[in-house]
Amino acid sequence: MDRCARLNNVGASHLANGMYSDAIDSFTGSLRIVKSALSVLATEKHVLHMNGPSLPSQHSGVMQEQNVCPVIFTRDSIAAYGGAMAKPPSFVDRDKAALVRGLYVSPLFLSESVDYARYETTVEASVAVMFNLALAHHLNSLLHRLHGHKDHEMSNHSQRTPGVSTLGQATALYELAYTVHMQEDVELSVEFTMAIINNLGHTHRLMGDKEKADQCFRHLLSTILFVRSYGGGQSCDNGRLPDIFVYSVSHLILRETAAAAA
């Protein structure tokens with residue numbers, strides 16, 4: 001699993017520097033490792049459950065380590081691996097930047113000093129890697145759209161699923177990351193959870209599914225209102241929600257304001 005974290009972090013650096021194909025390769029390798037580890041850990045977890053609970057001292061030590069060193073790092077950690085990132089370099093000028101407006105583009109880094117022997121920790125890491133791989137496909141799709149390529153003509157990666165567009169892969173990975181997060185009850189920051197919902201809405205909108213896009217953005221809006229009402233923003237980087245989330249739901253806010261005024 002150390003290699004999984006390293007591959008993910010290399011991919012995150014590639015992503016931050018606009019090297020999307022290299023990022024996809026790194027994240028795919030990282031995801032392959034984490035899936036293999038989860039298969040083994042899930043079996044061990046089942047055996048432990050059948051034989052009774054493990055020793056409390058083993059769990060307490062890991063939990064103390066988790067409190068000191070989180071599994072997932074966001075924007076504040078990017079400088080340690082490859083410099084600060086505002087927008088991917090491929091989209092820096094004003095017209096091109098419109099393509100990523102409202103999109104959460106910060107890759108997620110994994111701690112290389114956490115004990116990944118715990119099933120729960122490895123599941124948390126898997127969600128981050130899936131999000132990163134989705135984001136790499138997402139940005140790669142936007143880059144090719146910018147250059148006038150059709151989605152099915154995009155990069156001929158060996159890891160691409162035949163017949164599935166790059167944007168379609170991004171959508172499927174965002175959905176899987178969110179499903180695993182919910183079903184496995186993975187403890188993620190408010191910002192990361194909102195990032196998944198935000199970007200999923202973005203892909204649905206690009207694919208022309210307005211109903212699913214609005215469903216995501218309505219969920220995002222309700223989360224924003226909850227966070228602002230109850231102070232959950234402290235779970236985000238720098239204690240505040242990124243402005244992109246508000247931008248993404250601004251059309252819903254305007255729509256509701258207009259309806260109320262009518």
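The table that follows gives values for the structure above.
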| quantity | calculated |
| --- | --- |
| Hey, Thr28 of a type in the set (Ser, Thr, Tyr), part of a helix (DSSP H, G or I) and either modelled with pLDDT of 85 or more or over 14 Å from Arg118 (Cα atoms) (or both) or not | yes |
| Positions within segment 181-206 being surrounded by fewer than 17 Cβ atoms within 10 Å (Cβ to Cβ) and at pLDDT 90 or above, in sequence order | Met182, Gln183 |
| Every residue from segment 171-189 that is in a loop (DSSP other than H, G, I, E, B) and without any contact (Cβ under 8 Å) to a residue 40 or more places away in the chain | Asp185 |
| Odd one out for Ala80 among (1) in a helix (DSSP H, G or I); (2) over 15 Å from Asn17 (Cα atoms); (3) modelled with pLDDT under 80 | (2) |
| Top-ranked residue of segment 222-245 - restricted to ones that are within 19 Å of Val105 (Cα to Cα) and at pLDDT 90 or above, ranked as surrounded by the most Cβ atoms within 10 Å (Cβ to Cβ) | Phe245 |
| Selection status of His144, farther than 22 Å from Ser30 by Cβ, assigned to a helix (DSSP H, G or I) and at pLDDT 80 or above | yes |
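The values are calculated or read from the model by the stated rules, or taken from the named source; none is laboratory data. Because the structure is predicted, anything quoted here is derived from the model rather than measured. For neighbour counting, all protein chains shown are included, and Cβ atoms are generated from backbone atoms with ideal geometry for every residue, glycine included.
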